[in-house]
Every structure is written in structure tokens, then in C-alpha cells.
């Protein structure tokens, strides 16, 4: 199967970290959500003629976690959660892309804390354009929900009122902009 994406150009695309972000949200005390972000280290998309055959490799700097609370961030970097001393990055490698009911998904392997599991990101293209310096750019957003315990992130605390301090489901949001490599 092939799809037509207006403005699509084959080639090697590299992520622009200054115009991209990785954010997440997770239930806190079962009543609200904590949101945070990570710095993007790198991402490359090798895009052939058929966009569904593109390959994505990305690396996120887990040490850069920011939830607007330094104490919580320090705990998240510890061995209780991400264990950044031994696992400073989170990695994603695509396996395939597909269209399902008109929606585009990128399926791949996500590695967190040395544990690799399959993940599907729902992809929303923002479009393509040329910046004032002649660089051809693409923008997209993607979302996936993972069970953090599947990746060894199992720390939690029971609450006196019932339930737990940290929810299992984590929603990952990507807002990305990349440039097509110049020939």
C-alpha cells in the first residue's frame, strides 16, 4: 500500500530539537495529572518514495526530565524510576507505518530503562514548508499511551484513601519539526 501526502519529499530528515518536544502526562493520586517533558537528543527519518516505508530512529535524554518540581524530577531520575545513571536515554525504532480507518500510525519498539516493548504512535502531519533560509521543513504530532510497569517503572505508594500515588498509564506526546537534508 502507498499513500499520497501533499508536499512529501523522499530523503533523510533530521529533527530540529529547538522546534520539537517530547511531553508526557500521568495520573497523580488518582485525581489529577502530572505533566512533564524530556529533551530530544536526536531523531532521523529515512523516507523512501512510499511514506509508509519510512524508518525512524529517535533518542530522548531522560536525564533532562522536567515536571516543574526538582524534588520529583530527582526521584524520577533515581533507580526507583528511570535509573538515569544506567539508562540515560529512551530509544525508539520504527518497524512499520500503516493507515487504519483513515488514520496514520507508526509502529515500533520503545526502549525505556533497558526494556523494549512494541508501541504504536498515532501520527498527525502538520504539513511541509520552506523556511526563510531555504530549508525544507516538515511538522507532525504523535501520541501513544503506554503502561509504565511494562518498562520496569513499578515504584508506587498506596494512599490512605485508597488507590495509588502514580497511575500506570502514561500518555506520550510528540511535537516534531524536521529538515530535509540538503543534497
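Comparing mean-square fluctuations of 129, 36, 102 from a GNM of the chain with C-alpha springs under 10 Å, the top value falls on 102. Centre-to-centre, using Cα atoms only, segment 18-40 and segment 112-149 are separated by 15 Å. Stretching residue 95 away from residue 135 to a fully extended chain increases their span by 11.6 nm, per 0.36 nm per residue minus the current alpha-carbon distance. Sorting 149-162, 12-25, 63-76 by average packing, meaning the other beta carbons within 10 Å per residue, from highest down gives 12-25, 63-76, 149-162. The stretch between residue 80 and residue 42 holds 11.1 nm of extra length on full extension. This uses 0.36 nm per residue minus the Cα-Cα distance.
Over the chain, the fraction of Cα-Cα pairs per 10 Å bin, rounded to whole percents and listed from the shortest bin up, is 9, 36, 31, 17, 6, 1, 0. Measuring nothing but how far apart in sequence close Cα pairs (under 8 Å, 6+ apart) lie, relative to its length, the chain scores a relative contact order of 25 percent.
None of the figures in this text is laboratory data; all of them are computed from the coordinates on show. All of these numbers come straight from a predicted model, not from anything done at the bench. All Cβ positions, glycine included, derive from the backbone under ideal geometry; neighbour counts span all protein chains shown.
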